[in-house]
1. If you take the beta carbon distance between residue 55 and residue 102 as r and set R0 to 35 Å, what does 1/(1 + (r/R0)^6) give as a FRET efficiency, to the nearest 0.05?
2. For residue 23 and residue 2 in one chain, what is 0.36 nm times their gap in residues minus the Cα-Cα distance, to one decimal in nm?
3. In whole Å, how far is the Cα centre of the stretch 7-34 from that of the stretch 64-84?
4. Run the quick spin-label model on residue 33 and residue 93: label points 7 Å from Cα toward the beta carbon, then report their separation in nm to one decimal.
5. May I ask you to sort 6, 18, 33 by Cβ crowding, counting other Cβ atoms within 10 Å and putting the fewest first?
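Readers should treat all values here as calculations from the given coordinates under stated rules, not as data from a laboratory. Source: prediction; values computed, not measured. Cβ: placed from backbone, ideal geometry, glycine included. Neighbour counts: every protein chain shown.
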Amino acid sequence: MRFKLIIVFVEDSKTDLIMDAAREHGATGATVISNARGEGVKQARTFFGLTLETQRDVLLLLVEEHLSRTILEAIARVAEFDEKSGTGIAFQVDVEDAIGVFHQVEKLVPVVEEEI
């Protein structure tokens with residue numbers, strides 16, 4: 001079984017929404033790294049030297065490759081990445097090898113067999 005890693009940078013208020021959408025489309029879990037910071041095309045606003053920006057989360061989702069595009073599109077849709085500037089980004093990268101995913105593989109085999 002082959003995997004892709006979906007990496008999502010998003011406002012913390014949308015983390016649960018994204019997690020729900022990803023699970024609906026086949027993701028079996030995620031790691032959330034809280035309190036990340038970033039800057040896009042527009043520089044962050046400041047007030048007396050303090051940055052005025054919302055807290056961001058980084059979500060790491062290890063997903064089966066046949067489900068990855070559907071999950072990525074669901075995430076983009078619910079997070080409104082293409083509708084509003086600065087809401088976040090998501091992308092996927094190939095995973096060459098993974099260990100510790102035996103229980104995910106057991107759950108994913110029947111789902112992926114339907115996709116193939």
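1. So the FRET efficiency works out to roughly 0.55.
2. My answer for the length gained is 5.7 nm.
3. Centre-to-centre (Cα) distance: 10 Å.
4. Each label point lies 7 Å from its Cα, and together they span 1.0 nm.
5. Ordered by Cβ neighbours within 10 Å, fewest first: 33, 6, 18.
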